[in-house]
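Heads up: the structure comes next, in structure tokens.
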Amino acid sequence: MTTEKRFACTACGMCCYGSVPLTVGEAVSMAGRFPLALSMSPVRPGARGQTIVERIGVSIPITQRKRLLLVATPMSFIPPYMACPALQDDKLCGIHANKPVRCRAMPFYAFKDEDSQADMLVPRKGWLCETGPDAPVVYERRKIADRSDFDQERVALIDQASQLQRHIDLLLQHNPALLAHLLKAAQAPLGGRVAVGFLAFLRYDRTVDLLDFAKRQYPVLEDWISRTDGDSRAVEFNGLYRQALFEIERFVR
């Protein structure tokens, strides 16, 4: 049985739909391009291939003895059936030279252990990724062949983990109802997620110009409210855009 996996991107654009995890730095720099949120996804205890989340994730108390592990990340918060705003008509990325490290690291996923990446190389339904004999070997003996982008993303996630931990601890102090939402998400059969506005996270980062961030993010949120108004599939997204816009308004008016 072969241990090698082959993969090549065909620029079909099919992976350029829906939300994209971002690093904190990317979220700040791309506030004029993407509608932003802070996403929190519970990880089931002992989940196969996700021991790395103990280093790059966030842990919150449930009881005196139990804690809930979360994948927490800023996100370009877009409905799954809607294209990334950087996707061009020719199906190529309009910001290819500066696209998020999550996109550059595809198909590998830094939130999973390196030895559990094989399933990431199986194209989803409708994707046109090349996995045949003409594609290069990218994964062998449970090791990534060219790991530069994977490592860059992993390092960024490790570096920002403590900052995210402090913020979510504060969120839980000021909004106890958040814990109930996270516990409900943890019980979802296919895994759940809780998304909140991103601005509150930045209030504790003295290196970020909040006024500049707000001025860039405000028109993006207005645009995505318009895109999703009246769409029954996008109620969660539209609601978060509106709440985020309300929080930002005091900075721009």
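Any chance you could count how many residues in segment 29-51 are aliphatic (A, V, I, L, M) and out of contact with any Ser or Thr (no Cβ under 9 Å at 6 or more places or on another chain)?
So the count comes out to 3.
Hand me the list of strands (runs of 3 or more DSSP E) wholly inside segment 53-159 holding 2 or more residues that are open to solvent by 40 Å² or more (accessible area, probe 1.4 Å) and either out of contact with any helix residue (DSSP H, G or I) (no Cβ under 9 Å at 6 or more places or on another chain) or closer than 30 Å to residue 227 by Cα (or both). Walk me through how you get there before you give the answer.
Numbers: elements: 58-61, 67-76, 137-140.
It comes to 137-140.
Write out, first by first residue and then by second, each pair whose Cβ atoms fall under 8 Å of each other, whose residues are 6+ apart or on separate chains, and whose first residue, in segment 204-227, is in a helix (DSSP H, G or I) while the second is of a type in the set (Val, Ile, Thr) and surrounded by 14 or more Cβ atoms within 10 Å (Cβ to Cβ).
Cβ pairs passing all conditions: 213/28; 214/248; 217/248; 218/248; 221/248; 224/78.
Can you tell me which of 200, 195, 186 is modelled with pLDDT of 95 or more and surrounded by 13 or more Cβ atoms within 10 Å (Cβ to Cβ)?
It is 195.
From the list 218, 241, exactly one residue is surrounded by 14 or more Cβ atoms within 10 Å (Cβ to Cβ), modelled with pLDDT of 95 or more and farther than 19 Å from residue 19 by Cβ. Which is it?
Checking each option against the conditions leaves just 218.
Any idea which of (1) open to solvent by 20 Å² or more (accessible area, probe 1.4 Å); (2) under 21 Å from residue 24 (Cα atoms); (3) modelled with pLDDT under 95 is the one residue 253 doesn't satisfy?
It fails just one condition, (2).
Which of the residues spanning segment 34-48 are open to solvent by less than 10 Å² (accessible area, probe 1.4 Å) and either in a loop (DSSP other than H, G, I, E, B) or hydrophobic (A, V, I, L, M, F, W, C) (or both)? Quick ask: steps written out before the conclusion?
Going through segment 34-48, the residues open to solvent by less than 10 Å² (accessible area, probe 1.4 Å) turn out to be 34-40.
Once the filter is applied, which keeps residues that are open to solvent by less than 10 Å² (accessible area, probe 1.4 Å) and either in a loop (DSSP other than H, G, I, E, B) or hydrophobic (A, V, I, L, M, F, W, C) (or both), segment 34-48 yields 34, 35, 36, 37, 38, 40.
Which members of segment 88-108 meet the condition of being closer than 24 Å to residue 197 by Cα and in contact with a strand residue (DSSP E or B) (Cβ under 9 Å, 6 or more places away or on another chain)?
The answer is 99, 100, 102, 103.
Given (1) surrounded by 15 or more Cβ atoms within 10 Å (Cβ to Cβ); (2) in a loop (DSSP other than H, G, I, E, B); (3) without any contact (Cβ under 8 Å) to a residue 40 or more places away in the chain, where does residue 178 come up short, assuming only one miss?
That leaves (2) as the condition not met.
Of the conditions (1) at pLDDT 95 or above; (2) in contact with a Lys or Arg (Cβ under 8 Å, 6 or more places away or on another chain), residue 210 clears all except one; give me its number.
Only one criterion is unmet by residue 210, namely (1).
The values are calculated or read from the model by the stated rules, or taken from the named source; none is laboratory data. These numbers were taken from a predicted model, which means no experiment stands behind them. Virtual Cβ from ideal backbone geometry, glycine too; neighbours counted across all protein chains shown. SASA here: full protein model, heavy atoms, side chains in, ligands and nucleic acids out. Shrake-Rupley method; radii C 1.70, N 1.55, O 1.52, S 1.80 Å.
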